[in-house]
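**Student:** Got a structure for you, written out below as structure tokens; questions coming shortly.
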Amino acid sequence: MNSSTRNMYPLAFLIPAALVYCTFFLFPTSMAFFYSMTWWTLDDWEFIWFENFIQFFQEPSLRIGFRNTLIYAFTTMGGKVVLGLILAVFLCSKIRNKDFLRSIVFFPALLSTIAVGFTFSAMMHPTNGVINKTLALVGIDGPNWLGDAKIALLSVAMTDIWKGVGIATVIFIAGIMAIPTHYYEALKIDGGNAIQSFFHITLPLSRPALNTVVILALIGGLRTFDLVWAMTGGGPGFSTDLLASIVYKQYASGFFGLATAGNVLLFLFVGLIAFPIFKLLNRKEVDL
């Protein structure tokens, strides 16, 4: 077998993956960029260059959408990282019914996002919701979780954290269990305690898992639409409007080219935020 024949096999093995990538990502993405510069309907289109982008940036709610998207993404990412790591450390310790507790923590991730949104929307009702009724039993007057513009976005973010922390916990558990046990044994022999074990062994050596959770949670937060729409519809006012919900409103109003331009901007927005953070985390991981 000559060298040219041997070199054919790796390229041939890449063809199925390349076809899937081109069909489901490269081609749709290219068409989105094209149609973002057109006025189009289902049976007609007209090239209008950058007018859609100019009009989209003139949207009065766009500035609020950018701000809300950043607040929501970093709030949910921070909550999932902190709670996920705490739960993972607890569930990797010597406790009874460990597997059962892990299943309970992961269970919310299996639920439908829309169902979770409707359920928590009912639970957070200011008068009939179970949360405020429970607070009333101990003499606390619960707020209007989804009707108060000051806390509505945070209320949705807390729901997102509850639903997504299970995935973060599983990733952290995998990272912690991959740490060789002799590191902990050596620290114990030297007189180290649990806090030193966490900060000097668990946290540094679980950095790959931490990086994965940060990137996944951040991208998920920047792209979120369904949970916010199910719970608030972007209200009250524009207080919970995210970029994705603004794009949806344009689609629902029949402005397809404008909405496509918004999708392209959302794609670029996610990339501009996530890619530098990904590079920074990977650089720190290499330095470690």
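**Student:** When you look at Leu187, is it surrounded by fewer than 17 Cβ atoms within 10 Å (Cβ to Cβ), under 16 Å from the mean Cα position of the chain (by Cα), farther than 25 Å from Ile151 by Cα and free of Cβ contacts under 8 Å to residues at least 60 places away in the same chain, yes or no?
**Tutor:** It is false that Leu187 is surrounded by fewer than 17 Cβ atoms within 10 Å (Cβ to Cβ), under 16 Å from the mean Cα position of the chain (by Cα), farther than 25 Å from Ile151 by Cα and free of Cβ contacts under 8 Å to residues at least 60 places away in the same chain.
**Student:** Of all the helices (runs of 4 or more DSSP H) wholly in region 182-288, which have at least 1 residues that are in contact with a strand residue (DSSP E or B) (Cβ under 9 Å, 6 or more places away or on another chain)?
**Tutor:** 256-287
**Student:** Tell me which residues, restricted to region 72-98, are of a type in the set (A, V, I, L, M) and open to solvent by 80 Å² or more (accessible area, probe 1.4 Å). I'd like the intermediate steps shown before the answer.
**Tutor:** Looking only at region 72-98, we keep the residues that are of a type in the set (A, V, I, L, M), and these are 73, 77, 81-83, 85-89, 91, 95.
Answer for region 72-98, where residues must be of a type in the set (A, V, I, L, M) and open to solvent by 80 Å² or more (accessible area, probe 1.4 Å): Val82, Leu83, Ile86.
**Student:** Among the residues of region 20-41, write down those that are assigned to a loop (DSSP other than H, G, I, E, B) and surrounded by fewer than 14 Cβ atoms within 10 Å (Cβ to Cβ).
**Tutor:** As a first pass, look at region 20-41 and keep what is assigned to a loop (DSSP other than H, G, I, E, B): 36-37, 41.
Selection gives Thr41 alone.
**Student:** Return yes or no: is Leu101 touching a residue at least 60 places away in the same chain (Cβ under 8 Å), part of a helix (DSSP H, G or I) and either within 22 Å of Thr69 (Cβ to Cβ) or open to solvent by less than 70 Å² (accessible area, probe 1.4 Å) (or both)? Break it down stepwise before answering.
**Tutor:** Values: touching a residue at least 60 places away in the same chain (Cβ under 8 Å): no; part of a helix (DSSP H, G or I): yes; either within 22 Å of Thr69 (Cβ to Cβ) or open to solvent by less than 70 Å² (accessible area, probe 1.4 Å) (or both): yes.
Spelling it out, it is not the case that Leu101 is touching a residue at least 60 places away in the same chain (Cβ under 8 Å), part of a helix (DSSP H, G or I) and either within 22 Å of Thr69 (Cβ to Cβ) or open to solvent by less than 70 Å² (accessible area, probe 1.4 Å) (or both).
**Student:** Which residue is least open to solvent (accessible area, probe 1.4 Å), if the candidates are limited to region 130-164 and must be of a type in the set (Asp, Glu) and part of a loop (DSSP other than H, G, I, E, B)?
**Tutor:** Narrowing region 130-164 to residues of a type in the set (Asp, Glu): 141, 148, 160.
Those still in the list that are part of a loop (DSSP other than H, G, I, E, B) too: 141, 148.
Numbers: Asp141: 145, Asp148: 58 Å².
Filtering first and then ranking leaves Asp148.
**Student:** Taking the condition part of a helix (DSSP H, G or I) and closer than 20 Å to Arg223 by Cβ, does Ile71 pass?
**Tutor:** Numbers: part of a helix (DSSP H, G or I): yes; closer than 20 Å to Arg223 by Cβ: yes.
Yes: the conditions hold for Ile71.
The values are calculated or read from the model by the stated rules, or taken from the named source; none is laboratory data. Owing to the predicted nature of the structure, the values given are computational and were not obtained by experimental measurement. Backbone-built Cβ (ideal geometry, glycine too); neighbour counts: all protein chains shown. The protein model used for the area step is the full one, side chains on, heavy atoms only, and it has no ligands, DNA or RNA in it. Shrake-Rupley method; radii C 1.70, N 1.55, O 1.52, S 1.80 Å.
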